[in-house]
Every structure is written in structure tokens, then in C-alpha cells.
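The values are calculated or read from the model by the stated rules, or taken from the named source; none is laboratory data. If you're wondering where the values come from, they're calculated on a predicted model, not measured in any experiment. Methodologically, a virtual Cβ is constructed for each residue, glycine included, from the backbone with ideal geometry; neighbour enumeration extends over all protein chains shown.
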């Protein structure tokens, strides 16, 4: 999650606490709501309380996405998720937003990998749930859990990043820790050994936010710089070459970043002047320079046609940006509608990878004009809107779009509960 969204979520949670519970009657409303939603089947159904049919998810303060699911922090700091890996003690998936993570409260950040999700709480601790083959839950074991488990040894977490099978966290003192899979050196601890508990990232002491990619990780640093570590296929560390590094190395030429995001094999940064630069792989056009070259983009490269971005997100092989006017543009792979153009075809059919649909130039997402933030899973995106509702588009086989269906959508659909 972006640092601004995490702060909004924390402030919203604090304001709810300040209201107190005096004057409330009829028991715990959160528990009642959970009970009502528990009766909802995967396709929607009766929401309880006499309401029939699904309704838009409202009161959302921040979003987080994993490979095949999405989670929303709602007013009060609770989580509602859709797709798979709900953390509710089951292995079920949901086509609509449902209470998740077995009643966690005070959530201020959420992020996920391919088969797991993690949440930061207001007290600085972290909980994770889902797959754990590589130790990505960080609890000292390699046993999966369908309910949240505490991450060992962390009590000052500010924000997190996760992807595939590893997780990273920024701590209050500017240091960072990572854990999980490490075949590319993505944990940044100088080794290629996996870890099922958090391990310090090199000499990193000025991290503000962190993002996890496929076998690599990146951090935005105080002052606007960036550092990456791990596998350097396609030049995705941004170092001017393709040599791997098991410890943090500076992203060359990056000095005014306000946000860094990572995909499978590329990374992007939003700059202070609201332009965007990307580096790494471009075989689907995910760099956004107007081409779909299969060369290694080892240096930061400007995204064309955007000079007013306020938020960015990177999926597996695509990238999206929210603009100042509330519109959204995306570029890269489009075979599952992840560009949101209303079509699963084009704009280009000559992608270097052989895929039949991609764009090396940012294209507009239809039916969104009031977005304030955006997150991306492997092949889907969700935008937080100014009215605190959510729209999603792209891949949807397990309900990661949250609209009550399990079909991909090339247009943005409203998340319901």
C-alpha cells in the first residue's frame, strides 16, 4: 500500500476509536455484520437485516492486492476481502467482499503475494495468512495457515510489500526486513537462503516504503532515492547493468521519487513532478515508452504521455496510473482485460512476447473518472474512488474483481458485498 493510503487508514481508525462505544446498544455491530455476511454465498444472496441482493462496498480507506485476491481496509480498521485466501479459517473463495482475516482490527496496511496476505496493525505488529512453503508468513515455520499468525519479532512496522513468495517490511527507524523465498537474493541479506522469520535488509537505514517483485525487491528512500536488490533479469534493479545483487544497490538517476512499485520483471517510480519512470522488462510494453521492445531497460525510462500522475501500481506484466483528474491509464499486457479499455484485444497485437494484446503506450480505463488510488494483482487492478467505493477490472476466475461473478472483465466493475 502507498504511504499516503496507509496514513489515511490509520487516521480513520483512530477517529473511529475516538468516538467511543458509549451510547451504542444492541451489542457488537461488527459481530452482527460479520454474522450477516457469513450467510452470504459466493454469488451474493441475502445480506441480512431485510436487505436483498448485493450492495456496493462502501467506507473503504485503503486497498491491497495479492496475486488472486484483493482486500480493503474499511472505516474502523477492519478488513474485507474478495477472491481467494480470505484468512477466515477456510479455504473458500468469495466473489464478493466479505469480512476477512478472522476479525483483525486496527489494520493500517495490507499487501499480498501469490497465495498469501499480510496486514500491519496500528500497534506496529504484523499478521500473515495463506501459503507458507517458503516461510513467507514469517512465523518461524513453513506450515500454511488459513487464519492470521503473528510475524516473529516485529513491533514497529510502518508499511509492507509482498509478491510471489516473499514479504518485506519497513520499520519505524528506516530499516527494513524481508522473509520467505530467496532464490534471487530478494531478501537483501547477502545470501540466497530462504528465511521463515524476518531478516534485516543489508545496510538499508532510510527506507520509507517497500515493494516486492518477482525475485527482487525495491525501497523508496528518504529524500527521493531508490534502492533495489535480488535478481536483475532485464535490468529490473535499475543499476545500469544486469548483475544480480543480494544487498541493496541504488537505482541510478532516481532522486525525486514519491512512490516505487514492482511487477514481475519491471519497476516504476512516481516522481515529484508527477511524471513516471520505469525500468526492467518491456516485452509486453509495461515500461510505457511507446514500444514493446524485448531489450533490457537497465536505466530509468520516462513513461510517455503522462505528466500529471498521483498514484501508480504494477501488476505482473502491466502498469497503471491514477491522474490528477481522477482518470486511470494503463499499459502493458491486456490478454485478460487488465488495461481496462473495454476489449481483450489490442491495442497492439504484435507484442514481443507473442501475446496477442498489449500496449506500450498508456491507454484510458473506461468508466472511471474519480479514482484516488490504485492497486494491482497479477492480472487485475482495483481503484479506490473518491466516494470510498471500489472498481476493479481484469482477471477474475476466483472473484478477485469482487462483483459477484467469476468472468474476466475488460471494463471496471463495482465491488459489492
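Filtered by the rule that a residue be touching a residue at least 40 places away in the same chain (Cβ under 8 Å), crowded, with 23+ Cβ neighbours inside 10 Å and closer than 21 Å to residue 209 by Cα, segment 265-286 gives 265, 266, 267, 268, 269, 270, 276, 278, 279, 280. Among the candidates 341, 335, the residue that is in contact with a strand residue (DSSP E or B) (Cβ under 6 Å, 6 or more places away or on another chain) and closer than 28 Å to residue 81 by Cβ is uniquely 341.
With respect to the stated conditions, residue 290 fails to be assigned to a loop (DSSP other than H, G, I, E, B) and buried (at least 24 other Cβ atoms within 10 Å of the Cβ). Residue selection: residue 184 fails the criterion of being touching a residue at least 24 places away in the same chain (Cβ under 8 Å), within 16 Å of residue 268 (Cβ to Cβ), over 19 Å from the mean Cα position of the chain (by Cα) and not in a strand (DSSP E or B).
What number of residues within segment 67-99 satisfy the criterion of being at pLDDT below 95 and crowded, with 24+ Cβ neighbours inside 10 Å? Total satisfying the criteria: 2. Residue 190 falls short on exactly one of the conditions (1) part of a loop (DSSP other than H, G, I, E, B); (2) closer than 25 Å to residue 233 by Cβ; (3) touching a residue at least 60 places away in the same chain (Cβ under 8 Å), and that condition is (3). Residue 178 falls short on exactly one of the conditions (1) part of a strand (DSSP E or B); (2) touching a residue at least 40 places away in the same chain (Cβ under 8 Å); (3) within 15 Å of residue 113 (Cβ to Cβ), and that condition is (2).
Filter segment 386-410 down to residues that are assigned to a strand (DSSP E or B), at negative phi and touching a strand residue (DSSP E or B) at 6+ places or on another chain (Cβ under 6 Å) and give me whichever is surrounded by the fewest Cβ atoms within 10 Å (Cβ to Cβ). Spell out the reasoning first.
At the first step, the residues of segment 386-410 found to be assigned to a strand (DSSP E or B) are 390-394, 409-410.
Within this subset, residues satisfying the condition of being at negative phi are 390-393, 409-410.
From the residues that got through so far, the ones that are touching a strand residue (DSSP E or B) at 6+ places or on another chain (Cβ under 6 Å) too are 390-393, 409.
Values: 390: 29, 391: 27, 392: 27, 393: 31, 409: 22.
My answer is 409.
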